[in-house]
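Asks: Just dropping this structure here.
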Protein chains: 2
Amino acid sequence: MKWETYLAENQSGFVNELIEFLRIPSVSALSEHDGDVSRASEWVASRLRSAGLEGVEILPTGGHPVVTGHHLHAPGKPTILIYGHFDTQPVDPIDLWTDPPFEPKVKDGRIYARGASDDKGNMFIPILAIESLLRSEGSLPVNVKFFLEGQEEIGSPQIGEFLSKERSRFSCDLVLSADGCQWSEDRPCLFLGLKGLTEVQIDVQGPNRDLHSGGFGGAIQNPIHSLAHLLSTLHGEDGRVTVDGFYDRVKPVSEEERERIRALPYQEDEFLSETGVKEVFGEVGYSTHERLMVRPTLEVNGIWGGFQGDGTKTVLPAKAHAKISCRLVADQDPDEIAELLARHVERHQLPGAVATLRRMVGTATPYVMPFEHPGNQAASEVLTELYGHPPYAIKVGGTIPVTSLFLSELNAYTVCFAFGLMDENHHSPDEFFRLSSFARGQTAYCKVLKRLARCSTEELQVQTHGV
Amino acid sequence: MKWETYLAENQSGFVNELIEFLRIPSVSALSEHDGDVSRASEWVASRLRSAGLEGVEILPTGGHPVVTGHHLHAPGKPTILIYGHFDTQPVDPIDLWTDPPFEPKVKDGRIYARGASDDKGNMFIPILAIESLLRSEGSLPVNVKFFLEGQEEIGSPQIGEFLSKERSRFSCDLVLSADGCQWSEDRPCLFLGLKGLTEVQIDVQGPNRDLHSGGFGGAIQNPIHSLAHLLSTLHGEDGRVTVDGFYDRVKPVSEEERERIRALPYQEDEFLSETGVKEVFGEVGYSTHERLMVRPTLEVNGIWGGFQGDGTKTVLPAKAHAKISCRLVADQDPDEIAELLARHVERHQLPGAVATLRRMVGTATPYVMPFEHPGNQAASEVLTELYGHPPYAIKVGGTIPVTSLFLSELNAYTVCFAFGLMDENHHSPDEFFRLSSFARGQTAYCKVLKRLARCSTEELQVQTHGV
């Protein structure tokens, strides 16, 4: 049997398995789901074994686990590490979901559930590709290792230390990431860069308890006023981040890069109707794609304080809070950005209430990989054949923290292509994944592994130039 | 039996009745407690009847009801309307309460429960005073009517229309309010002014759903940024409200009034340790007491938007909201202030998200009454006798919406003294009422009613001067 036939004959069974996988509410951010993340790791381990992988293990990290497995029977051929994650984002606002987020529904060729596209559907693809090659051909064209983690959605806090201890276990020539996306249904894409990440929370302490706004209002600082003031000092009217030093390490966008970005299709009316806003807004002097792809950002992800119920309650509240994430570009350092933010909060807080900034777990160094790398070229060739169009090679605003960790700890680049689509509501209600993408991804992975077998280990490895 | 003896002999029974009253969770702001507000009105009606009042009725208002009753057997004597309210504030933050808010506990001469001081304990006082006079003397020194409402804590939204239809039922020469407070345990006070109130909510709509902050951050307006900016434009660094026209109708504080305020005891260290803040903050050029008593204020009472859970969620949220209340001083108009706020929001909102302002139910016109009024003089004499010190006559930052409604609809002033204390956590967790104040209040009410019997109806009525 050919691997193509194996894939075709088993597609509906694969969908049923994906449904089973998606039923596990493996939300990594919420401790009440710790057991579910663990159940998801067991599901993955068991599925790696039945696909024919060896040495399958669930490895403790101090936080959510990593699942590994390997197939190392292609002497002289490159060793490819395949990356994906089995944890998901939280589900709120839960009331905006059409169906419960962990009761997957297949409708019109799409599967709806939290994690369907980001990343369970995508990470299941290489497992199925490898199963199809082993069942049809009895061997793999390259050596393969898996690195499937359960903490991507909280910024992979334990993965850095874990990887530095497990370098030899995961040594490889190249990484393929099953977390990523396509450009459109008929156009693939390759990520040449992913933004870094710094996450913080600001807590403002006002009075020692919620006070009557008539009894105390106007005479002591309201922590919500102080927080609103602080947040309002983070951006200028020109959309630029006004934290001192924020852009110090950011290199100007090269004309070459601007040219590449201008060549990408962009329909402002589609962007507006997709997001539901009346106009775009961002840093002056940059296009929407430039803002998203190559400029650092600072977004407040949540805010709360005082009375939030129906009706009114005339309190001057004791506390107010905000969560903030910064997406960083090449050469920005997440630790340094956190310090700049802390200094900003210290300097700009209003008198009478105390604002403090604390670091949250998510952190990542920005990641960049050259388009000319043979790994990108191999993927590009296969994707071009499969879609009839070459992939757009882009930098994206998202973050996959392990990409820079694989570079620093394993000295390996990560080729990043996958089969999700921007409109599939990642991190939002009604997340879904196209089943056509699910099937096409399996074919693509088989072909990319075969194509990589024609590369030498040396050419895939990171070249250390100079000195 | 003398009325003093009746009160003394029945005090522990009264406390048990108060406990029963406080068990009813009559939170007027939350619709799930509508039935409880109704139960509280029945408790009050039944207690008026057993105290010996006639014509007791629960009157529908379109919202929470009003309970009335009367005793009109003192021909030629003034008719006094007694005001109080049987609804309470909500209880959140519930986790800061030592005991459940609707399971009253008596500890060290204090009774702890939501509504203990504001206002159930205080509004029960005149009922008990009247019962003691009727049981001991068989009659009352003046004519009495009751006006006990169930919607004070939400700003008495239906009371204006209700009162204008029921003018003759509640016609009177003077109102006594059982909602108010003492200055300290050994110093009474009289309210000469109460602030008005305008309440609004700002809703900011950004994208049509919560978006991935990596996929969209930096390219569209974040509604939290827009809201924070809007809120930061509401006050200047000098603590003044910067809404155009906000102060236009506010008269300068007279030197006489400043003098009276300076004469009030004020210990900044006590104010700081009571509120738990390190420094006071407010409008430049005014003392803490002036800010609280005679200057209008704008406070954000609550704010929310985006992710508020543990950990992090990298969203660019769809919406953000804030609740705001303004406390107004003489000549400011709550409707006009709401319009000024709406105009401010329209003018100062950032591009790319849509901010709208809607009026919330709480509204009240500022209330002022001259100290020289014979009603204030009568109360002052009795309180001076009882405490050994004359009352401080002050304006306060709080709002009792009916005071200005009684003035406009019934053409009657409201003398405002009561027995709560500032430190009794009105609107906060662990609200309590001193049982010594509960008992002293009953004595004071008996004496004030007797003292008012020496006033003529004419001198108590609002004098219409001029034209």
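The values are calculated or read from the model by the stated rules, or taken from the named source; none is laboratory data. Source: prediction; values computed, not measured. Glycine gets a Cβ as well: all are built from the backbone with ideal geometry, and neighbour counts include every protein chain shown.
Condition check ((1) farther than 30 Å from B:ALA320 by Cα; (2) free of Cβ contacts under 8 Å to residues at least 24 places away in the same chain; (3) among the hydroxyl-bearing types (Ser, Thr, Tyr)) across all residues:
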site	(1), (2), (3)
A:HIS70	yes, no, no
A:ALA74	yes, no, no
A:PHE86	yes, no, no
A:PRO90	no, no, no
A:LYS105	yes, yes, no
A:TYR112	no, no, yes
A:ILE125	yes, no, no
A:LEU134	yes, no, no
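Asks: Might you let me know whether the stretch B:338-352 holds any residue that is at pLDDT 95 or above, away from chain A (no Cβ under 13 Å), closer than 30 Å to A:PHE271 by Cβ and out of contact with any strand residue (DSSP E or B) (no Cβ under 9 Å at 6 or more places or on another chain)?
Replies: Among the residues of the stretch B:338-352, at least one is at pLDDT 95 or above, away from chain A (no Cβ under 13 Å), closer than 30 Å to A:PHE271 by Cβ and out of contact with any strand residue (DSSP E or B) (no Cβ under 9 Å at 6 or more places or on another chain), which makes the answer yes.
Asks: Across the stretch A:169-218, what is the number of residues that are over 30 Å from A:THR384 (Cα atoms) and aromatic (Phe, Trp, Tyr)?
Replies: Residues in the stretch A:169-218 being over 30 Å from A:THR384 (Cα atoms) and aromatic (Phe, Trp, Tyr): 1 in total.
Asks: Further question on the same structure: Looking at A:GLU346, A:GLU339 in this structure, which one is surrounded by fewer than 21 Cβ atoms within 10 Å (Cβ to Cβ), farther than 25 Å from B:GLY305 by Cα and not assigned by TED's automatic domain parsing to the domain that holds A:GLN158?
Replies: Matching residue, one of A:GLU346, A:GLU339: A:GLU339.
Asks: Regarding B:LEU357, is this residue more than 10 Å from every other protein chain (Cβ to nearest Cβ) and either β-branched (Val, Ile, Thr) or under 19 Å from B:ARG240 (Cα atoms) (or both)?
Replies: It is false that B:LEU357 is more than 10 Å from every other protein chain (Cβ to nearest Cβ) and either β-branched (Val, Ile, Thr) or under 19 Å from B:ARG240 (Cα atoms) (or both).
Asks: Being among the acidic types (Asp, Glu) and touching a Ser or Thr at 6+ places or on another chain (Cβ under 9 Å) is the filter here, so list the residues in the stretch B:224-275 that pass it.
Replies: Result: B:GLU268, single match.
Asks: Look at the stretch A:203-213 and say how many of its residues are touching a strand residue (DSSP E or B) at 6+ places or on another chain (Cβ under 6 Å) and buried (at least 24 other Cβ atoms within 10 Å of the Cβ).
Replies: Residues meeting the conditions: 4.
Asks: When you scan the stretch B:393-419, how many residues do you find that are part of a strand (DSSP E or B) and either farther than 17 Å from B:VAL448 by Cβ or polar (S, T, N, Q) (or both)?
Replies: 4
Asks: State the number of residues belonging to the stretch A:192-225 that are closer than 20 Å to A:ALA322 by Cβ and either within 9 Å of chain B (Cβ to nearest Cβ) or in contact with a helix residue (DSSP H, G or I) (Cβ under 7 Å, 6 or more places away or on another chain) (or both).
Replies: 15
Asks: Give the number of residues within the stretch A:225-240 that are outside any helix (DSSP H, G or I), surrounded by 16 or more Cβ atoms within 10 Å (Cβ to Cβ) and either without any contact (Cβ under 8 Å) to a residue 60 or more places away in the chain or charged (D, E, K, R) (or both).
Replies: 2
Asks: If you don't mind, there's one more thing I want to ask. Among the numbered conditions (1) β-branched (Val, Ile, Thr); (2) in contact with a helix residue (DSSP H, G or I) (Cβ under 6 Å, 6 or more places away or on another chain); (3) surrounded by fewer than 24 Cβ atoms within 10 Å (Cβ to Cβ), tell me where A:ILE94 comes up short.
Replies: (2)
Asks: Please return the ranges of strands (runs of 3 or more DSSP E) entirely within the stretch B:1-105 where 2 or more residues are among the acidic types (Asp, Glu) and outside the structural domain of B:LEU163 (by TED's automatic domain parsing).
Replies: Where strands (runs of 3 or more DSSP E) fall fully within the stretch B:1-105, none carries at least 2 residues being among the acidic types (Asp, Glu) and outside the structural domain of B:LEU163 (by TED's automatic domain parsing).
Asks: Here is a further query. Within the stretch A:173-191, take every residue that is acidic (Asp, Glu) and more than 24 Å from A:SER156 (Cα to Cα) and give me the one that is farthest from the other protein chains (Cβ to nearest Cβ).
Replies: A:ASP186
Asks: Could you figure out which of (1) part of a strand (DSSP E or B); (2) farther than 29 Å from B:GLY218 by Cα isn't true of B:SER273?
Replies: (1)
Asks: Would you confirm whether or not the stretch B:294-317 contains a residue that is surrounded by 24 or more Cβ atoms within 10 Å (Cβ to Cβ), facing another protein chain (nearest Cβ under 8 Å) and in a helix (DSSP H, G or I)?
Replies: Looking for residues that are surrounded by 24 or more Cβ atoms within 10 Å (Cβ to Cβ), facing another protein chain (nearest Cβ under 8 Å) and in a helix (DSSP H, G or I), one finds none in the stretch B:294-317, hence no.
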